[in-house]
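The values are calculated or read from the model by the stated rules, or taken from the named source; none is laboratory data. Since the model is a prediction, treat every value here as computed from it, not as a measurement. Glycine also receives a Cβ, built like all others from the backbone with ideal geometry; neighbour counts cover every protein chain displayed. Quick note on the areas: whole protein, heavy atoms, side chains included, nothing else; ligands and nucleic acids left out. Shrake-Rupley method; radii C 1.70, N 1.55, O 1.52, S 1.80 Å.
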Protein chains: 2
Amino acid sequence: MRIETYCFVMADSGWPGCAKSLKGVILDMCGVLYDSGEGDGVAIPGSIEAVKKLKASDLLLRFCTNETQATRETFVAKLQRLGFDISVSEVFSPAPAAVAVLKERGLRPHLLVYDGLIPEFDSVNKANPNCVVIGDAAEKFSYQNLNEAFRVLIGLEKPVLFSLGQGRYYKETDGLKLDVGVYMKALEYACDLKAEVIGKPSPTFFQSVLNDMGLQPHEALMIGDDLVNDVGGAQHCGMKGVQVRTGKYRPCDERHPTVTADGTVDNLAQAVDMILNQRH
Amino acid sequence: MRIETYCFVMADSGWPGCAKSLKGVILDMCGVLYDSGEGDGVAIPGSIEAVKKLKASDLLLRFCTNETQATRETFVAKLQRLGFDISVSEVFSPAPAAVAVLKERGLRPHLLVYDGLIPEFDSVNKANPNCVVIGDAAEKFSYQNLNEAFRVLIGLEKPVLFSLGQGRYYKETDGLKLDVGVYMKALEYACDLKAEVIGKPSPTFFQSVLNDMGLQPHEALMIGDDLVNDVGGAQHCGMKGVQVRTGKYRPCDERHPTVTADGTVDNLAQAVDMILNQRH
């Protein structure tokens with residue numbers, strides 16, 4: 001029944017045509033490949049095999065995550081332990097993009113990020129900060145740490161806040177957790193400013209992945225569990241966007257007022273089977 | 001020099017006329033009477049005497065605070081220890097107003113408030129919560145507690161969030177601290193909802209103070225350190241609003257894009273002297 005519904009949506013939105021001209025797939029990670037939680041988290045059933053199938057196909061494959069709790073190296077090592085065939089060069093995440101922006105604009109960040117992410121900023125001058133960078137700091141989003149970031153911002157003549165993503169929440173094995181976007185909104189209100197988002201759904205971020213693949217937007221498909229940041233963000237760049245019913249997916253996503261996925265599937269395994277079947 | 005500037009502003013906005021027809025004054029507390037901080041905080045120089053002068057005048061006097069870290073009883077006792085002549089019945093704060101709303105609408109709150117405020121909600125049924133109430137929880141605004149409040153809201157079919165005030169920040173003796181409004185914005189974004197604000201600048205809240213005084217808005221003057229919530233809120237109700245240059249006041253308040261105070265004075269003592277001098 002779900003597949004029928006999906007096929008209808010696809011036909012309606014021209015998916016089959018898209019699938020035939022498709023040259024590359026971009027996968028969100030948390031909520032698509034695995035659910036985070038204690039330890040390494042758990043792989044979502046069928047996802048390890050689905051990645052293998054994509055790699056064995058003629059499609060280009062990249063991973064695009066707003067993960068900011070660890071360096072890419074640590075993060076990819078975790079995925080490898082879970083059984084995924086992934087290498088660091090295939091993964092795009094906000095911290096390296098932020099480092100490039102900071103250096104380009106000569107900005108010295110006060111960091112409010114998870115301890116595991118700090119090494120990504122080793123090469124950046126952090127003395128006498130003139131901007132704030134926040135990531136998914138989780139437990140480090142204490143009242144004290146948020147006050148500290150606020151005081152840096154409010155003390156600047158032109159406060160600049162970078163947010164590594166703007167997600168509302170994500171799902172861990174023990175329940176939903178607030179994501180960085182919530183604290184971005186908090187600091188935006190406190191300081192009466194607008195943050196600059198680095199990561200999904202920033203068009204600059206998606207474009208950097210497309211550039212790396214050498215593809216035009218219409219040749220690529222994004223698969224994610226976040227309707228607004230994965231699906232909507234990719235669509236905003238001219239890509240197709242498919243949502244999986246895993247991770248942070250909620251049934252009400254399918255009647256969202258502004259974002260409609262080009263397809264909704266039960267999980268990554270189903271998405272990959274449908275894409276590959278349509279190409280033969 | 002400052003006084004001259006002030007006189008000009010007053011003349012320009014018809015203040016002298018207002019002062020003559022004035023029948024009551026409403027004072028904000030934190031940042032006007034005292035600066036909070038370790039222990040009881042410290043009285044702002046001249047404020048104790050200024051309250052005495054107002055009480056000795058023919059003007060009605062009420063205190064209107066968004067303080068939500070303690071019950072009114074505990075809070076007033078602190079002010080009395082600092083030397084202020086204030087009684088509980090003269091003080092309006094958000095928690096008792098919230099209790100009335102909860103009972104009226106049959107709502108059972110999940111509380112994310114400072115421990116000291118919890119007794120205000122003793123008479124309210126809190127089992128199986130169907131709404132969330134947040135106050136200035138300070139250190140209790142941990143990642144874990146905010147996740148908990150978020151999960152209650154996201155689990156409700158029609159999530160209802162009450163915020164006891166919507167302040168951005170306040171000043172303690174050791175620096176600026178984030179206020180409840182910042183966390184209200186965080187939860188609003190996380191759950192895609194609009195909070196109901198109880199306390200300043202809600203017109204209902206100001207009106208309840210005017211009702212208690214038996215005055216029309218044009219007969220009352222609000223004095224506060226918060227340009228938006230004290231001054232703007234009072235003006236929105238038809239009162240005059242004066243800002244003091246103590247507490248959270250910042251020079252840029254005097255060129256705010258949307259709110260212009262009817263007068264700006266160095267401190268409460270100066271405001272009271274000018275009001276009383278003009279009445280003779």
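In the structure displayed, which of A:K177/A:K200; A:K126/B:K140; A:K78/A:K177; A:K194/B:K240 lie more than 23 Å apart, Cα to Cα?
Checking Cα-Cα distances, A:K126/B:K140; A:K194/B:K240 exceed 23 Å.
Just which residues of region A:146-184 lose 50 Å² or more accessible area with every protein chain there, against their chain alone, with the probe set to 1.4 Å?
Listed in order, they are A:F150, A:R151, A:I154, A:R168, A:L176, A:L178, A:V182.
In whole Hz, with x marking every Gly and Pro, tabulate ³J(HN,Hα) for region B:184-197 from phi via Karplus 6.51 cos²θ - 1.76 cosθ + 1.60, θ = phi - 60°.
In residue order, the calculated couplings are 4, 4, 4, 6, 4, 5, 4, 9, 6, 9, 10, 6, 9, 8 Hz.
So what's the net charge close to A:K55: Lys and Arg +1, Asp and Glu -1, counting the other residues with Cβ under 13 Å from its Cβ?
-1
Can you compute the modelled spin-label distance between B:Q278 and B:K126, with each label point 7 Å from Cα toward Cβ, in nm?
So the label points at B:Q278 and B:K126 sit 4.5 nm apart.
Can you give me the long-range amide H partners of A:V25? Hydrogens built in the peptide plane at 1.01 Å from N, cutoff under 5 Å, separation of 5 or more residues or another chain.
It is A:L60, A:L61, A:R62, A:L221, by chain and number.
For peptide A:189-196, compute the average count of partner chain beta-carbon atoms within 10 Å of each residue's beta-carbon.
Other-chain Cβ atoms within 10 Å of each residue's Cβ, averaged: 4.
Just to confirm the numbers: A:N125, label point 7 angstrom along the Cα-Cβ line, distances to the other copies in nm, shortest first?
Spacings between copies for this position, smallest first, are 6.3 nm.
Could you tell me which residue out of A:L59, B:G135, B:L164 lies farthest along the dipole of the protein assembly as shown toward its positive end? Charges go on the beta carbon: Lys and Arg +1, Asp and Glu -1, centred on the Cα centre.
Looking along the dipole axis, the top candidate is A:L59.
Around A:G83, under 12 Å between beta carbons, what's the net of Lys plus Arg minus Asp minus Glu among the other residues?
Charge balance near A:G83 sits at 0.
Where nothing but the Cβ of Lys and Arg (+1) and of Asp and Glu (-1) is charged, how large is the charge dipole of the protein assembly as shown around its Cα centre, in debye to the nearest 20?
Dipole about the Cα centre, nearest 20: 600 debye.
Using a label position 7 Å from Cα in the Cα→Cβ direction, what is the ascending list of nm distances from B:T204 to the same site in the other copies?
The answer, with the shortest distance listed first, is 4.3 nm.
Output wanted: per-residue J couplings in Hz (rounded whole) for region A:233-244, from phi through Karplus 6.51 cos²θ - 1.76 cosθ + 1.60, θ = phi - 60°, x for Gly and Pro.
x, 5, 4, 4, 8, x, 8, 7, x, 10, 9, 9
Out of residues 5 or more away from B:H110 or on other chains, whose amide H comes under 5 Å of its own, with H placed 1.01 Å from N in the peptide plane?
Sorted by chain and number, the residues that satisfy this are B:N130, B:C131, B:V132, B:V133.
In square angstrom and rounded to 100, what buried accessible area do you get between chains A and B, total over both, with the probe at 1.4 Å?
Buried surface at the A/B interface: approximately 2700 Å².
Out of A:T74, A:V32, A:V124, whose Cα points farthest toward the positive end of the dipole of region A:23-169 (charges: +1 Lys, Arg; -1 Asp, Glu; placed on Cβ)?
Of the options given, the answer is A:V124.
If I fit a long axis through the Cα atoms of helix B:47-56 and take the longest principal axis of the Cα atoms of chain B, what angle between them do I get, 0 to 90°, rounded to 10?
Taking the Cα atoms of chain B, the angle to B:47-56 is about 70 degrees.
Compute the angle between helix A:72-82 and the longest alpha-carbon principal axis of chain A, please, reported from 0 to 90 degrees and rounded to the nearest 10.
40 degrees
According to a simple spin-label model (label point 7 Å from Cα along Cα-to-Cβ), what is the distance in nm between B:D192 and A:E139?
Using points 7 Å along Cα→Cβ, the separation is 3.1 nm.
Using 7 Å Cα-to-Cβ label points, what is the A:Q207/B:R245 separation (nm, one decimal)?
Spacing of the two 7 Å Cα→Cβ label points: 4.7 nm.
If contacts are Cα pairs under 8 angstrom and at least 6 residues apart, what is the relative contact order of region B:134-280 in percent?
With pairs under 8 Å counted, the relative contact order is 16 percent.
Considering only the label points, 7 Å along Cα→Cβ from Cα, what distances in nm to one decimal separate B:P251 from the same position in each other copy, shortest first?
With the label placed 7 Å along Cα→Cβ, B:P251 yields 5.9 nm.
Using θ = phi - 60° and the Karplus relation 6.51 cos²θ - 1.76 cosθ + 1.60, list the HN-Hα couplings for region B:150-165 in order, rounded to whole Hz, with x at every Gly or Pro.
4, 5, 4, 5, 5, x, 8, 5, 10, x, 10, 10, 9, 10, 7, x
Relative to the Cα centre, what is the charge dipole magnitude of region B:184-280, using +1 at the beta carbon of each Lys and Arg, -1 at the beta carbon of each Asp and Glu, and rounding to the nearest 20 debye?
For region B:184-280, the charge dipole is close to 120 debye.
For region A:30-72 and region A:226-280, what is the separation of their C-alpha centers, rounded to whole Å?
15 Å
Using Cα atoms only, what is the angle between the long axis of helix A:203-213 and the major principal axis of chain A, expressed in degrees (0 to 90) to the nearest 10?
50 degrees
Remind me, relative contact order of region A:187-238 in percent, using alpha carbon pairs under 8 angstrom and six or more residues apart?
Worked out over region A:187-238, it gives 37 percent.
Relative contact order of chain B: what whole-number percent is it, with Cα pairs under 8 angstrom and at least 6 residues apart?
22 percent
With only Lys, Arg, Asp and Glu charged, each at its Cβ (+1 for the first two, -1 for the last two), find how big the charge dipole of region A:56-158 is about the Cα centre; round to the nearest 20 debye.
340 debye
Hey, what's region A:211-258 come to in accessible area per residue, 1.4 Å probe, Å²?
Normalised by residue count, the accessible surface of region A:211-258 is 41 Å².
With a 1.4 Å probe and all protein chains left in place, how much of the accessible area of region A:49-166 comes from carbon and sulfur atoms, in whole percent?
Of the solvent-accessible surface of region A:49-166, carbon and sulfur hold 49 percent.
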